[in-house]
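A short reminder: the numbers here are calculations on the coordinates, not readings from a lab. Nothing here was measured: the structure is a model prediction, and the numbers come from that model. Methodologically, a virtual Cβ is constructed for each residue, glycine included, from the backbone with ideal geometry; neighbour enumeration extends over all protein chains shown.
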Amino acid sequence: MTAIPQSLPRRKFDVVIVGAGGSGMRASLQLARAGLNVAVLTKVFPTRSHTVAAQGGVSASLGNMSEDNWEWHFYDTIKGSDWLGDQDAIEFMCREAPKVVYELEHFGMPFDRNPDGTIYQRPFGGHTANHGEKPVQRACAAADRTGHAMLHTLYQQNVASRTNFFVEWMALDLVRDADGDVVGVTALEMETGEVYMLEAKTTLLATGGAGRIFAASTNAFINTGDGLGMAARAGIPLQDMEFWQFHPTGVAGAGVLLTEGCRGEGAILLNSEGERFMERYAPTLKDLAPRDFVSRSMDQEIKEGRGCGPNKDYILMKLDHLGAETIRKRLPSVEEIGHNFANVDITKEPIPVVPTIHYQMGGIPTNIHGQVVEHINGENRIVNGLYAVGECACVSVHGANRLGTNSLLDLLVFGRAAGNHIVQFNDKNKEHKPLPANAADFTLSRLAKLEENTSGEYSQDIANDIRATMQQHAGVFRTQASMDEGVQKIAAIRDRVGNIILQDKSKVFNTARVEALEVANLMEVAQATMVSAAARKECRGAHTVYDYEHPADHPTAPLGRDDANWLKHTLWHSASNSLSYKPVNLKPLTVESVPPKVRTF
Ligand SMILES: Cc1cc2nc3c(=O)[nH]c(=O)nc-3n(C[C@H](O)[C@H](O)[C@H](O)COP(=O)(O)OP(=O)(O)OC[C@H]3O[C@@H](n4cnc5c(N)ncnc54)[C@H](O)[C@@H]3O)c2cc1C
């Protein structure tokens, strides 16, 4: 990429979708089937998107194996979210769940089956019958390869519907016109190194999570938060970024995930004394309490000296009592992972696990149609032409802590809803809005800087510093002092991002350029996280701060949630590196609100 052209080659579509994971492909399917001209961009082949790694299941109150209904699912999701989830969006998602799961079944999804032919469902953390009475079987599963089965099903349906895939294309920036409407994106074709202007009446971001801002993560290497970076640079705030989920059972030392489906099938967690300690922390749900609860309890055991191994720094998950036959049928990948990443035969011995970064609850703020919303002077304002769905979006159904299997559901429900809404928008808007004259300038200046820098740092060094800082200052347990220090460190790292140099400036498949562009996105996400976290002076869901006390009347309750001051969503603004807040929607669409109460399990 020696000389960068000042005007870019253009292509024009009804809709550009950035991301070919479950959410992007569920949306594109709706659009392609309605006859729209859809381009789906993806950094990797569609079926290698992180959705493929999802193991445990997708939730829906089908009631195939134990009594269930959508209102119990609705209640569990609100309680799981520590009341930060918007109750209108949660009602919408839980009501739609059976419909989208049956639809997926009819697309050809190979779910496991019960003897009567219905979809197999397993218990999962925080999913209960009758408002917390006992675990319920709500997670619809294809062994421990549910995401794999789902992503392939959606890909095949998209191919049949003639969706245009742009494989190994990286979207760089959103293009907004003078009205603030989004009229397309700039993108890099990795194979050739050419940069394009992709015009679209609607752009949908479905770029997945950004777990790679942390050093130890269950996420794929491509999960660098590109959609969040694009939104932040385009002036759109990022919502609730302080809330990151630690999955209780990453393989110690490797980070690879062992699905909560293990505990759904009956696995238990043990400390160095051989004690099933979750019975103490969550007497009713035990090992199947929500993830924030279990991760905190594990860390507490380790901190109090009851960790396992020579350094007492992990917990053991025991599965052998399930029997080799059940393990091979229901958890075949977990058995493989045990062998490959821990040198453990899980049918015979327990496997070392630690809480590991897994999922971002925050993201680009949207409404239930997937439309991106800004919050200006106390009012929600829709950003015309821009939608977001999936893990990069914050609708917000997961609030401060997501329940397992609610993400695959979120992809299906909101991917479909956004698709339907875009079809209507497209009917009403026959013409593309004109591109502003300076549409490509911002991207071109970013690229030019990378080309021109002759001294500076390599992107990997900066990425490693971001990851180490986040790991140290935004972990399972946080302290105010450590978060404040993290804010300073991240700001200092940000100053270095402009000085990234490329040693190799060639065009064809230059992955160093891709990584350098990804670091700019990691930076936005990391700063959003650190600044939002340091400002929230309470404990809620996955945001646990030592400094804030347990409520006096509930010494066993998880910490000091402060509804009077903090029952609100955080919005981080990149340009000013500042925060604003907006209220949580406690009003569902049709049913009674579930008022906040103390969260025990
Ligand atoms: C190991 C693991 C197991 C999980 N298990 C479960 C589970 O059992 N149940 C559950 O509900 N949830 C699970 N989750 C969470 C869930 O899988 C994810 O939240 C979800 O799959 C994300 O889907 P997505 O469509 O938002 O994004 P992804 O599937 O991550 O896809 C993102 C897409 O965006 C593309 N992209 C990104 N940036 C760019 C760019 N700049 N230009 C072009 N393309 C870009 C990528 O190429 C990719 O196609 C799991 C997550 C992990 C990591």
Compactness of segment 141-184 as Cα Rg over 2.2 N^0.38 Å, two decimals: 1.79
Rounded to whole Å, sorted largest first: equivalent-ellipsoid semi-axes of segment 441-567, Cα gyration tensor: 39, 13, 11
Net charge of neighbours whose Cβ lies under 13 Å from the Cβ of Val344, counting Lys and Arg as +1 and Asp and Glu as -1: -3
Where Rh is the Kirkwood radius over Cα pairs, Rg/Rh for segment 249-355: 0.94
Length-normalised contact order for the chain - Cα pairs under 8 Å, 6+ apart - percent: 21
Proximal charge balance of Ala220 [Cβ under 9 Å; K/R count +1, D/E count -1]: +2
Whole-angstrom Cα spans of segment 331-385 along principal axes, big to small: 59, 20, 14
Per-selection Kirkwood Rh - segment 93-183 (Cα, Å, 1 d.p.): 16.5
Peptide ranges 118-124, 255-261, 153-159, 478-484 listed from the most packed, as the mean C-beta count within 10 angstrom indicates: 255-261, 118-124, 153-159, 478-484
Rg/Rh (Cα only; Kirkwood hydrodynamic radius) as it applies to the chain: 0.95
MRE, 222 nm, helices only [DSSP H, n ≥ 4, -39500 (n - 2.57), over the chain, to nearest 500]: -10500 deg cm²/dmol
Subset of Lys449/Lys505; Lys12/Lys505; Lys537/Lys597; Lys303/Lys597; Lys568/Lys597 violating a 21 Å alpha-carbon distance limit: Lys12/Lys505; Lys303/Lys597
